[in-house]
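Data first, discussion second: the structure below is written as structure tokens.
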Amino acid sequence: MKKIFASLAFAALLMMSCSNENTNIGKADENVSTYEDVISKIYNSKAKNHILIENLGGLHSNKRLFSILSRSIGSEPLAVSFSGRDITSPVNYSEFGNSWISNEDNSSLFGKKISLIQKNGKLIFSPLSNSASKNAEEGAAGIHVYIPDLVQVGVSGLENGKLVPGTVITWNKDVNNENGIILGIEYNPYEQEDLTIRESKPNNEVVYDKVDDNGSYTVTEEDLEKFPKGSFLSFYIGRMAYTIDSSGSVVNDTSVGALSAVRADYQINY
């Protein structure tokens with residue numbers, strides 16, 4: 001059966017958006033548990049220091065939501081430094097870890113291979129040049145991670161503004177991204193205008209799968225057949241990166257996750 005879209009980035013969004021105990025997550029293949037393991041590490045890292053960078057947008061909006069979270073267990077959370085700026089915010093102290101969240105624009109971190117070095121209570125993000133990237137691969141000190149391009153999305157082939165089999169979802173390809181793209185669908189009963197739809201399907205449902213970062217996906221009948229006709233669905237498209245160092249020698253047990261995703265809401269005509 002044709003896989004219903006998804007990917008890590010989307011699934012990560014779901015963890016934030018689906019708080020209903022009755023949420024049913026449909027797993028598109030047997031490897032999804034591996035995706036979930038990585039997502040869990042990104043959002044629930046057990047590393048001493050944890051950094052999460054999110055850059056989220058909507059298809060019909062020019063505005064993006066920026067978030068940088070820093071959490072440390074048993075110590076002050078690390079500041080983050082990039083583009084000549086030191087980023088921090090008031091700290092929330094908790095038995096589960098001390099943390100801060102900032103809404104600073106983090107767009108400059110995406111689409112680059114980054115070197116990460118911890119120094120004087122800061123995690124310093126430095127873009128690597130091609131020559132520096134080669135040296136890094138040959139064993140230069142530090143953590144090095146590629147943070148994929150920000151996702152830009154387009155949709156064509158709608159019928160009267162509604163999504164149908166044959167609708168094409170496109171995005172900007174990232175040839176350096178080896179982690180695939182996130183494409184996913186969420187049904188939320190509380191977003192349905194038709195009460196009969198909500199009554200016929202009262203629980204959240206999410207379907208997802210990982211696809212290649214090739215720039216397009218064509219919606220099929222199989223993608224839509226499990227949702228009520230005329231229902232409103234949320235579609236998520238995204239990319240992500242994750243790295244962790246626990247050697248204690250460079251970044252002293254630190255994990256870093258980065259996520260870029262776009263959401264679009266459509267009524268389906270199927």
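Odds and ends about this structure:
- Asp149 buried (at least 20 other Cβ atoms within 10 Å of the Cβ) and either at pLDDT below 95 or assigned to a loop (DSSP other than H, G, I, E, B) (or both): no
- Residue list for segment 207-217, filter: farther than 18 Å from Gln152 by Cβ and either open to solvent by less than 20 Å² (accessible area, probe 1.4 Å) or modelled with pLDDT of 95 or more (or both): Val207, Tyr208, Asp209
- Per-region count, segment 42-78, residues part of a loop (DSSP other than H, G, I, E, B) and either within 25 Å of Lys119 (Cα to Cα) or among the small types (Gly, Ala, Ser) (or both): 12
- Residues in segment 75-126 that are aromatic (Phe, Trp, Tyr), without any contact (Cβ under 8 Å) to a residue 60 or more places away in the chain and open to solvent by less than 60 Å² (accessible area, probe 1.4 Å): Phe82, Trp100, Phe125.
- Annotation: of all residues in segment 159-176 being within 18 Å of Glu221 (Cα to Cα) and among the aliphatic types (A, V, I, L, M), the one that is most open to solvent (accessible area, probe 1.4 Å) is Val168.
- You will find that of Asn179, Asn204, the residue that is buried (at least 18 other Cβ atoms within 10 Å of the Cβ), modelled with pLDDT under 90 and either of a type in the set (S, T, N, Q) or in contact with a Pro (Cβ under 7 Å, 6 or more places away or on another chain) (or both) is Asn179 and no other.
- Once segment 43-71 is narrowed to residues that are of a type in the set (Lys, Arg) and surrounded by fewer than 21 Cβ atoms within 10 Å (Cβ to Cβ), the residue that is nearest to the chain's Cα centre (by Cα) is Arg64.
- Some residue of segment 127-138 being basic (Lys, Arg), at pLDDT below 85 and open to solvent by 20 Å² or more (accessible area, probe 1.4 Å): yes
- Test result for Arg263, within 17 Å of the chain's Cα centre (by Cα), under 20 Å from Leu56 (Cα atoms) and open to solvent by 70 Å² or more (accessible area, probe 1.4 Å): yes
The values are calculated or read from the model by the stated rules, or taken from the named source; none is laboratory data. Everything numeric in this text was worked out from a predicted model, so none of it was measured. We place every Cβ from the backbone using ideal geometry, glycine too, and count neighbours over all the protein chains shown. Surface accessibility is based on the protein's heavy atoms, side chains included, excluding ligands, DNA and RNA. Shrake-Rupley method; radii C 1.70, N 1.55, O 1.52, S 1.80 Å.
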